Amino acid sequence: TAPTTTVTAIPDGNGNLPDLPKGGTEVTDNGAPVSVQVKVVENKTGIEVSSPDGVALTLSGDCGSACPVKTGSDGKPYLVMEDTGSVRVRGEGFMPGSTAQVWITSTNTYLGSATVLADGTFDKSFAVNVAPGEQTVQVNGTTASGATRSANLGLLVLAGSGSGGLANTG
């Protein structure tokens, strides 16, 4: 049976909600750091975070203009989204029947949840609806082994064409 979950963002080791710079990645299982590989996927529109235990998350921006993955001056890839768009989150290696939750922790905004299918996967898009600027997205779920996996990624949210701001022209 899938464990019950509480709808709450998961704080870091200091009790604060993660607030990473764009390109930053932190992943934990029950609070312990997990070694992960971060790579650009989907024709440079998504970022995949995967671990040796078969758990993987892929995030991509769905927006009116292209939402490419950019590379910071530190060489780390980061996701770009629009405040009027959505983020697509896909996962594999999670406990069937459990719930994966998506947050923007820098503003403590709950974006929603997805139910994990019988094959351990989920795939859902969530409206972004946060202010433009550097933000941190957090995905929380229960792995097939029963650990609480929390993945935090720093990203950049741009003003979309429908938000009253200037459109992203590249």
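Overview of results
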quantity: Strands (runs of 3 or more DSSP E) wholly inside the stretch 68-170 that include at least 2 residues being among the hydroxyl-bearing types (Ser, Thr, Tyr); calculated: 109-115, 133-142, 148-158
quantity: Within the stretch 51-96, tally of residues that are under 16 Å from VAL128 (Cα atoms) and free of Cβ contacts under 8 Å to residues at least 12 places away in the same chain; calculated: 0
quantity: Candidates LYS70, LYS39 - the one that is open to solvent by 70 Å² or more (accessible area, probe 1.4 Å) and out of contact with any Gly (no Cβ under 9 Å at 6 or more places or on another chain); calculated: LYS39
quantity: Flag for THR115 being under 20 Å from SER51 (Cβ atoms), β-branched (Val, Ile, Thr) and in contact (Cβ under 8 Å) with a residue 12 or more places away in the chain; calculated: no
quantity: Options THR121, THR107, THR99: the member that is open to solvent by 60 Å² or more (accessible area, probe 1.4 Å) and either in contact (Cβ under 8 Å) with a residue 24 or more places away in the chain or over 21 Å from ALA131 (Cβ atoms) (or both); calculated: THR107
quantity: Residue among VAL89, VAL55, VAL69 that is of a type in the set (Val, Ile, Thr) and more than 15 Å from LYS39 (Cβ to Cβ); calculated: VAL89
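The values are calculated or read from the model by the stated rules, or taken from the named source; none is laboratory data. Given the structure is predicted, the values throughout are model-derived calculations rather than measurements. Backbone-built Cβ (ideal geometry, glycine too); neighbour counts: all protein chains shown. These accessible areas exclude ligands, DNA and RNA; they are computed on the full protein's heavy atoms, side chains included. Shrake-Rupley method; radii C 1.70, N 1.55, O 1.52, S 1.80 Å.
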